[in-house]
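The values are calculated or read from the model by the stated rules, or taken from the named source; none is laboratory data. Everything quoted here is computed from the prediction, not taken from an experiment. Positions of Cβ are backbone-derived with ideal geometry, glycine not excepted, and every protein chain shown enters the neighbour counts.
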């Protein structure tokens, strides 16, 4: 009975999983309306890859495995990865990236719950490292007129405008409205920045997942956006990083995978501040829209070291 309770408590696709699936479905279905069917195909392939791996694991799992099909799997990797898929990414690469990232981030550490690094961030960084040209983005209107066109991010050629220039020139008074409507140039799945940010807060509060980490991350990003020296020629306000680009999606990834966040409040504070510093450095000093993902990964490398140095118990 105690073993069954432990399995039920650690089950990945419980209420949180279903709510996350519904939330992402709403985000993605609206992105399909704005950005075309290729993004929809990317979502289907990502989710289907997870389902196939889950079925394979069931078919080949040990017969005396006490956890059986209820063994935590790490579904959020496949649910959340479409938030970061550029339209230029060849569809056949999606399952390759996901399978390798699953093996690296989860299987190599002994299974879900024992992993160290956030699987979604590992997949994004692997995509960037292996296919760097995909991270080079430019705003494009695929139809002749502005009335018929839409803004997407594509790749394969140098950007026609620095992404920081695009974000700094966006009218500040309408940035929240635009992020709710998905009108800001971004990776398709992350174009609803404000909605994703608020969604991550709701998940943190309702499911008691990293509330301290969410709050300190947001406050620290606002603070460091003013304290860190900004690159010459750009004026980025404090709200820009929280709404524009992929930072809201990174925060959602942190909340969705609670196993990669410290358990203590002090540990979450250290992790959040470290995350904000590295993420803002990537945001300010790279025109790669996906670069802040490196900041998340660096924070996961350095946060445990800092926590050990200051002697904080991760409980």
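Of note:
- Test: residue in segment 251-261 that is closer than 25 Å to residue 168 by Cβ and touching a residue at least 60 places away in the same chain (Cβ under 8 Å): yes
- Count of segment 291-302 residues which are buried (at least 24 other Cβ atoms within 10 Å of the Cβ) and either modelled with pLDDT under 90 or more than 20 Å from residue 223 (Cβ to Cβ) (or both): 1
- Yes/no for residue 271 being closer than 25 Å to residue 166 by Cα and assigned to a helix (DSSP H, G or I): no
- From the list 94, 100, the lone residue that is surrounded by fewer than 16 Cβ atoms within 10 Å (Cβ to Cβ), touching a helix residue (DSSP H, G or I) at 6+ places or on another chain (Cβ under 7 Å) and modelled with pLDDT of 80 or more is 100.
- Meets criteria (assigned by TED's automatic domain parsing to the domain that holds residue 288 and at pLDDT 50 or above) for residue 114: no
- Checked against the criterion of being closer than 20 Å to residue 280 by Cα and modelled with pLDDT under 90, the candidates 221, 187 yield just one match: 187.
- Qualifying residue in segment 223-240 (condition: under 26 Å from residue 81 (Cβ atoms) and either in the same structural domain as residue 169 (by TED's automatic domain parsing) or touching a strand residue (DSSP E or B) at 6+ places or on another chain (Cβ under 9 Å) (or both)): yes
- Condition met for residue 243 (crowded, with 22+ Cβ neighbours inside 10 Å, closer than 24 Å to residue 180 by Cβ and not assigned by TED's automatic domain parsing to the domain that holds residue 19): yes
- Residues of segment 285-294 classified as without any contact (Cβ under 8 Å) to a residue 40 or more places away in the chain and either within 14 Å of the chain's Cα centre (by Cα) or closer than 16 Å to residue 268 by Cβ (or both), total: 0
- The lone exception for residue 232 - which of (1) surrounded by fewer than 24 Cβ atoms within 10 Å (Cβ to Cβ); (2) touching a residue at least 12 places away in the same chain (Cβ under 8 Å); (3) over 15 Å from the mean Cα position of the chain (by Cα) it fails: (2)
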